[in-house]
Each structure stands twice: as structure tokens, then as C-alpha cells.
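Participant: First the structure, which I've put down as C-alpha cells, then a few questions once you've had a look.
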Amino acid sequence: MPKGLKLLVIKEVKDLLRDPKILIGMILFPALILPIMGAAINISTGSLVEKSSGPLTIYVLDQDGGKIAQKVMGFLRDNKVEIIVLSGSYQDAIRNVAGGGVLMVLPEGLSQKIESGTRGEILIYYGFKDFSILESLNAQRVSGLLSTFENVLVRDLISESAPSADPDSILNPLSLNEKSVIKGVAQPISPYVLTNIVRMQGLMGPLVIMIVLILAMQVAATSIAIEKEAKTLETLLTIPVSRLNILFGKLVGSVTIALLATVANVFAFTYYISSITSQAISSIGNIDLASVGLIPPPEGYFLLGLTLFGALVSALALALTLGTLAKDVRGAQSIIGIVIVPVFLPTIFLMMGDMQTLPASIQAALYAIPFTYPVLASQSLITGNYAPILAGLVYMAFFTLFTLYIAAKVFTTEKVMTGRLSFKRRSP
Amino acid sequence: MVRVIVVRDLVKEYPGRRALDGITFEVEEGEVFGLIGPNGAGKTTTLRILATIIKPTSGYVEVCGKDVLKEDMEVRRLISYLPEEAGAYSNLSGLEYLRFMASFYYNDEKSVKSAIERAIAISGLGERLKEKTSNYSKGMRRRLLLARTLMVRPKLAILDEPTSGLDVTHAYHLRRVIKSYSKDYGITVLISSHNMLEVEYLCDRVALIDQGRIIETGSPDELKSKYSTVNLEDTFMKVVGFAQGS
């Protein structure tokens, strides 16, 4: 690295890292706030789960008094539900759940109907007091228990009417043994579970890429504007160092700070995501993708690195060019606020859907954005579809060279001092 | 004598305005040359062109025989520029700032250290140089920046309003430093100022500039004598009056 460039990079990193706005706002704050958010969600979810799995009371108004009514109450008691049997009218009974709780009404003739082969009806009243998640969870729990009871009842009814038959064979005469074929090999995993896991694991890549690019662009765009505002740029332009070295010093300095911020963000974000999705993942089965033949190959990672580097350099060159033309830090921030839209658009589009299913016009627009390719490369780690990535790399190289050329052009002219690009309306 | 600055027919146009309208002057080695004129006269534009920050629309400018347009990097090695509104990196200490700047001019640590020692002496800031520059007063920051400008002993020091906005104590210190440094080390100084007292004290020769044109050049004494005035302020008003009446 040339001496002048090295001096500029060291100064840039030192100056930025000592800036409380950068250190606290971009590195320490995300590193602390996201784990705190994750922990808070964990604590509240944990206590909710604990409470919702605790003792449950159901008021029962038994107007039937038959065999089925006894059976359902017995089933609920076996499942740790406290039953409080009420007497009197339905209007009196419903008052018991005015402040929250569950009332089950077993209408007259319920047992007779079911035993004679017609459908019976159980009425459930869920009392809402504060519309909390706990009330909703309790309702789901009662609903789930009664659904299980229905299964038990069906099996009992089948056994009574056809003692020699297997209720399961009658209820589910077909057994579906689903397998997913991955790279020509059948793997014992259902397509729904596989898709969920791939989506869940593929979520991190694009999000991290988006964070890196946005952070780097913000640092780069404001770094020249800070020099303008602090009145240090004019002096810097007269010392014996080439303008291109000043430009690259800003680039390398911004990348360094962005990478530090990224490390902090990735750790924080990983913790946050794992905090809020741990239950979701465990519910669909925590399956290692490598065990079903989805091991990302080294060339996939290499391509991802290349596209990420290309996107980073082109984003920084773009941010530096526009930041150079801004009058001050606020101007640079307002410009970047608009430029980051194409950075997060590919992530949003591709995180929620597939490129192939998007309308042709949106596909064309996304392919024209260089920041799309790292997201595609992240997805291709699993799909192995590298063709669009390779074409994208060539396109990105041209885009980056062109943007760097413009940045260098702006930087080597007096536009670096006289630039006044702004999205604010000029006063007449 | 060796000519350090040669400016010929210098024109600078901005959209809708001509900032410099054919300026010509020369400055010899060791001279302290002042550009005097009202706001918007073209002083800062001239200094910025000599400092290789902006490019002229037409005309010729050289520093120590180097064309500022074609040999801008060589020119930057010969000059040291103090802008009118200059700052230091607020998150660096005064000493870190001086080291950062000196390192661009010297390749060996010994020379860098010598330059920093000179800057410590010039600034007179002592222990305060260890503090972040964000803690400095305006006067202290200006002393640091002048020290940065002179510590590399440039062939040409370009000083734009070096004492603008400073109190008497800081301004007095800076003027004495500029005068003694120029005299002791034969440094050529190009200075722009509104302060006529400062100009009379510092400059060997001055150019009176108005509306992008030089309207008179000479030593302060010559000009005062020519226009029968007691100070440069009166001289300037008289010359500007003549120029506008002509």
C-alpha cells in the first residue's frame, strides 16, 4: 500500500472510531440493543409459555348429563384441567367468564345424538378481559384439547360399532411417505419442512448483506461531507498526496468501519434471530442441511465473497461520488437515504419470493441493480444455480469500474470543493 | 532574484460571474506579498488556484518554475496552505494531527519529529497539544494550523486571512510568528487580509485587488507616498475610488 494511502486509511479509521456517533451509533448500539431486544422477547415469551402451560380451569354447564358429557369432562380432568360444574341457566353461567375464562356448555341430548349416529354440538365461550396473548393461548389450548378428545371419541365409536376393525386404518387408509429429491438423491424429509428450513437459514445472508451495504454507504457518503463541514478538506487537497489516494483512503477506511460495524451487527442479529425463532425452528425440526446433501460448496462461498466485494466497492464508489457532491453531512445523508432504496429492494423481493416467480419487469429491474447479485449468490449456495451469478459478476465489474471512474473524475476536479448536490428545494 | 510566484492574465469564471479578470503579478523568493481587497474581490480564488485546489479558466500560474496545472503534485510539495476557514480533525489530538500532516512531507521519522518539534514551538500550545482538537478555542486551533503550515518550511506559504476572527493576543502571536519565520528561513509568503494594520506590519509588497482585477501594486510605503495617505486603508479607498471613477 502506498505510504500516502496508508496514512490516510489510518487517520480515517482512527478519526471515525473516535467519533461517538460512529462508535456508539453504528457499532456499540446495535451490538447491545439487538441482544437486549432478543432477551426481552425471550423473557416475555418464556413467561408466557410457562403461564399458558400452567393450571387451566373450565366452567362446565352440563345440561346433557349423559355418557358423552361424562367422557369429555373425564378427558379434560385427565389432562390437568380443573372442571367447575355449574348449575342454573345459561345466562347465569356466562357471567362466570365475564372477567376472562372458558365456559363449556354441553347441551341437552348431546350424548343421545352422538350415540345415535348424528352430530352433536358443544358450545365453548371464551371470556376476554384484556385481550392478552395469554387469553388467546388458553383458547387455543382448550380448542386443541377438544380436538384431541374428538379423535379419541371417533376411535371409541368405531371400535364399538366394528370391534374387529382397526380405527386408524379406517380413519387414515393411506399413509403418505414423502421424500425430497435433492441433487438426484431422495432424502427422508418432507418438502414443506425442507422449504421452511432453507428459507429460515437463507434469511440471514441477504439481511447481513443489506446491513453491510447500508452501513458502508452511510460511512462513505458522510466521510467527505464531514471533511467539508469541519473545513479540513481544503487543506487535505493541497498536501502532497494524490487525489486518488485520498479517494481510496476514504474507500478503505469506510470498508474497515463498515466491516467492524457488520461484525457487531451480525453477532447481535444472530442472537436476536435465534432468540425469536428458536421455538419456530424446533417446531419444524432442527435438521442439519448438510445431512440431507445441502452442503454449500467452496465455489459457492467464493462467488458469494466476490459478489459481496463487488457490491461493496460499487456501493462505496457510488456513495463517495454522491457524498462528494453534497454540501454538508445532512445533504450527504439525505442523498444516501434515497440511494439505499435499491440496496434493500433486492433483499426484500428475494427474501419473500423467488426471482423466477416475479413479473418480468421487476426481474429486469432487479438484475440491473448490482446489489441483487450477492443476494442471489447467497441463495445459490443451496440451489447451486451459478449461471446468473457469473453473468452478474461481469456486469458488476463494469458497473463498479464505471462508478469508480466517475468518483475519480469528480475527485480530481474542483467539483470536490464546489459540489452542491442536494435534494432540497432551492429558494428562489 | 528567484521568482517564486508568476501569475499572468489569470481569469476564473464561475457560472454567471467572473471572479478573476486578468490578474498578473510576481513574487520573489523571501518576499511577504499581500493581496488586499474587499470581500468577493478574488483574493481567495487566486490563493486557491496557487494552492492547486481549483483550476483557472485561462492564464498562466507557476510556483518555483512549476506550472500549477501541469505539475500540480510537484507544486504541492513546495507549498503549504492555510485556508481562511480551516479546521483540524476533531477526534485527533493536536500532536496526532501534526504528525499526520508532517508524514506526507517527509519519508524518515527523524525529519517528521523535527517538523513536529518546530510546530510545537510555533504554536506555543505546549501540553494542550496532547488534547483532542475539539477542545481547542478558535485561537488555539488557528495557532495549531499556522504551526502545521510553517513546520514543513515550504518554499511558499499561502495564508488566507491568517488572523481573521481572532482576539488581539492570538492575532499578535500569529503575526510575530509569520514575520520571524519568513525572515529567519527565507520562506516566501503570499497572504490575503482585510486587516490593513496586519498588512503594513507583515508585507514587503502588496497588490490592491478589486472586482477580480489588480488595481495597484507596490510596497506599503511606496503606495502611501504615491497617494499621499497616512495608512494603507486610506490608500485603498483612494485607489478604489480612482479605479471606479476611471
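Participant: Return the pair list, or none, for Cβ contacts closer than 6 Å from residues in segment A:61-82 that are under 13 Å from residue A:153 (Cα atoms) to residues that are charged (D, E, K, R) and buried (at least 16 other Cβ atoms within 10 Å of the Cβ), at least 6 apart or on different chains.
Facilitator: Listed by first residue and then by second, the contacts come to A:69/A:62.
Participant: Another one. Please work out which one of (1) in contact (Cβ under 8 Å) with a residue 60 or more places away in the chain; (2) in contact with a strand residue (DSSP E or B) (Cβ under 9 Å, 6 or more places away or on another chain); (3) buried (at least 19 other Cβ atoms within 10 Å of the Cβ) is the condition residue A:38 fails and give its number.
Facilitator: So residue A:38 meets the others, but not (2).
Participant: How many residues does segment B:214-246 hold that are closer than 20 Å to residue B:172 by Cβ and either in a helix (DSSP H, G or I) or touching a Pro at 6+ places or on another chain (Cβ under 7 Å) (or both)?
Facilitator: Final tally of qualifying residues: 3.
Participant: Of all residues in segment B:161-213, count the ones that are part of a helix (DSSP H, G or I) and either under 19 Å from residue B:149 (Cβ atoms) or among the aliphatic types (A, V, I, L, M) (or both).
Facilitator: 23
Participant: If you don't mind, another one. Identify all residues within segment A:205-238 that are more than 20 Å from residue B:91 (Cα to Cα) and free of Cβ contacts under 8 Å to residues at least 24 places away in the same chain; write none if there are none.
Facilitator: Across segment A:205-238, the qualifying residue is only A:238.
Participant: I'd like the full set of residues that are among the charged types (D, E, K, R), loosely packed, with under 11 Cβ neighbours inside 10 Å and not assigned by TED's automatic domain parsing to the domain that holds residue A:112, limited to segment A:151-183.
Facilitator: If the condition is that a residue be among the charged types (D, E, K, R), loosely packed, with under 11 Cβ neighbours inside 10 Å and not assigned by TED's automatic domain parsing to the domain that holds residue A:112, then A:183 is the only one that fits.
Participant: Check segment A:102-113 and report whether any residue there is assigned by TED's automatic domain parsing to the domain that holds residue A:137, surrounded by fewer than 18 Cβ atoms within 10 Å (Cβ to Cβ), touching a residue at least 24 places away in the same chain (Cβ under 8 Å) and over 29 Å from residue A:140 (Cβ atoms).
Facilitator: Yes, segment A:102-113 contains a residue that is assigned by TED's automatic domain parsing to the domain that holds residue A:137, surrounded by fewer than 18 Cβ atoms within 10 Å (Cβ to Cβ), touching a residue at least 24 places away in the same chain (Cβ under 8 Å) and over 29 Å from residue A:140 (Cβ atoms).
Participant: Which members of segment B:134-157 meet the condition of being away from every other protein chain (no Cβ under 11 Å) and of a type in the set (D, E, K, R)?
Facilitator: Once the filter is applied, which keeps residues that are away from every other protein chain (no Cβ under 11 Å) and of a type in the set (D, E, K, R), segment B:134-157 yields B:138, B:142, B:143, B:153, B:155.
Participant: Please work out which residue is nearest to the chain's Cα centre (by Cα), limiting yourself to segment B:66-81 and to residues that are facing chain A (nearest Cβ under 8 Å) and buried (at least 22 other Cβ atoms within 10 Å of the Cβ).
Facilitator: B:81
For every residue, the table says whether it meets (1) of a type in the set (Gly, Ala, Ser); (2) without any contact (Cβ under 8 Å) to a residue 60 or more places away in the chain; (3) touching a helix residue (DSSP H, G or I) at 6+ places or on another chain (Cβ under 6 Å).
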site: B:142; (1), (2), (3): no, yes, no
site: B:219; (1), (2), (3): yes, yes, no
site: B:227; (1), (2), (3): no, yes, yes
site: B:232; (1), (2), (3): no, no, yes
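Participant: Name the single residue, out of those in segment A:114-140 being surrounded by 17 or more Cβ atoms within 10 Å (Cβ to Cβ) and assigned to a helix (DSSP H, G or I), that is modelled with the highest pLDDT.
Facilitator: Applying the filter and picking the extreme gives A:114.
Participant: Please count how many residues of segment A:325-356 are under 14 Å from residue A:315 (Cβ atoms) and either in contact with a His (Cβ under 7 Å, 6 or more places away or on another chain) or modelled with pLDDT under 80 (or both).
Facilitator: 1
Participant: Is it the case that residue A:256 is surrounded by fewer than 22 Cβ atoms within 10 Å (Cβ to Cβ) and either more than 12 Å from chain B (Cβ to nearest Cβ) or over 27 Å from residue B:79 (Cβ atoms) (or both)?
Facilitator: The answer is yes for residue A:256.
Participant: Sticking with this structure for a sec: Give the residue, chosen from B:85, B:62, that is surrounded by fewer than 23 Cβ atoms within 10 Å (Cβ to Cβ), within 14 Å of another protein chain (Cβ to nearest Cβ) and closer than 26 Å to residue B:202 by Cα.
Facilitator: B:85
Participant: Sort out which residues of segment B:94-105 are in contact (Cβ under 8 Å) with a residue 24 or more places away in the chain and surrounded by fewer than 20 Cβ atoms within 10 Å (Cβ to Cβ), and write them in order of number.
Facilitator: Within segment B:94-105, B:95, B:105 meet the criteria.
Participant: Collect the residues in segment A:295-332 that are outside any helix (DSSP H, G or I) and surrounded by fewer than 21 Cβ atoms within 10 Å (Cβ to Cβ), keeping them in residue-number order.
Facilitator: Selection gives A:295, A:296, A:297, A:327, A:328.
Participant: If you go through segment A:41-76 one residue at a time, how many are within 38 Å of the chain's Cα centre (by Cα) and surrounded by fewer than 16 Cβ atoms within 10 Å (Cβ to Cβ)?
Facilitator: 14
Participant: Hey, can you tell me all the residues within segment B:91-133 that are touching an Asp or Glu at 6+ places or on another chain (Cβ under 8 Å) and at the interface with chain A (Cβ under 9 Å from one of its Cβ atoms)?
Facilitator: B:91, B:92
Participant: Residue pairs, Cβ under 8 Å, 6 or more apart or interchain, first in segment A:12-34 and within 13 Å of chain B (Cβ to nearest Cβ) and free of Cβ contacts under 8 Å to residues at least 12 places away in the same chain, second of a type in the set (Phe, Trp, Tyr) and part of a helix (DSSP H, G or I). List them.
Facilitator: none
Participant: Search segment A:360-384 for residues being more than 23 Å from the chain's Cα centre (by Cα) and surrounded by fewer than 16 Cβ atoms within 10 Å (Cβ to Cβ), and hand back the single one that is nearest to residue A:316 (Cα to Cα).
Facilitator: Among residues in segment A:360-384 that are more than 23 Å from the chain's Cα centre (by Cα) and surrounded by fewer than 16 Cβ atoms within 10 Å (Cβ to Cβ), the one nearest to residue A:316 (Cα to Cα) is A:368.
Participant: For segment A:340-359, name all the residues that are β-branched (Val, Ile, Thr), assigned to a helix (DSSP H, G or I) and surrounded by 10 or more Cβ atoms within 10 Å (Cβ to Cβ).
Facilitator: A:343, A:347, A:348
Participant: Please work out which one of (1) surrounded by fewer than 24 Cβ atoms within 10 Å (Cβ to Cβ); (2) closer than 19 Å to residue B:78 by Cβ is the condition residue B:215 fails and give its number.
Facilitator: Status for residue B:215: all satisfied but (2).
Participant: Something else now. Can you pull out the residues in segment B:62-93 that are part of a strand (DSSP E or B), farther than 30 Å from residue B:131 by Cβ and either of a type in the set (Gly, Ala, Ser) or in contact (Cβ under 8 Å) with a residue 12 or more places away in the chain (or both)?
Facilitator: Once the filter is applied, which keeps residues that are part of a strand (DSSP E or B), farther than 30 Å from residue B:131 by Cβ and either of a type in the set (Gly, Ala, Ser) or in contact (Cβ under 8 Å) with a residue 12 or more places away in the chain (or both), segment B:62-93 yields B:62, B:63, B:66.
Participant: If I go through segment B:34-59 residue by residue, how many of them are part of a loop (DSSP other than H, G, I, E, B), touching a residue at least 40 places away in the same chain (Cβ under 8 Å) and within 14 Å of chain A (Cβ to nearest Cβ)?
Facilitator: Number satisfying all stated conditions: 4.
Participant: Turning to a different aspect of this structure: Considering only segment A:240-268, state which residues are of a type in the set (Val, Ile, Thr) and more than 24 Å from residue B:148 (Cα to Cα).
Facilitator: A:252, A:255, A:256, A:257, A:262, A:263, A:266
The values are calculated or read from the model by the stated rules, or taken from the named source; none is laboratory data. All values derive from a computational prediction rather than experimental measurement. Counting neighbours? That spans all protein chains shown, and the Cβs are built from the backbone with ideal geometry, glycine included.
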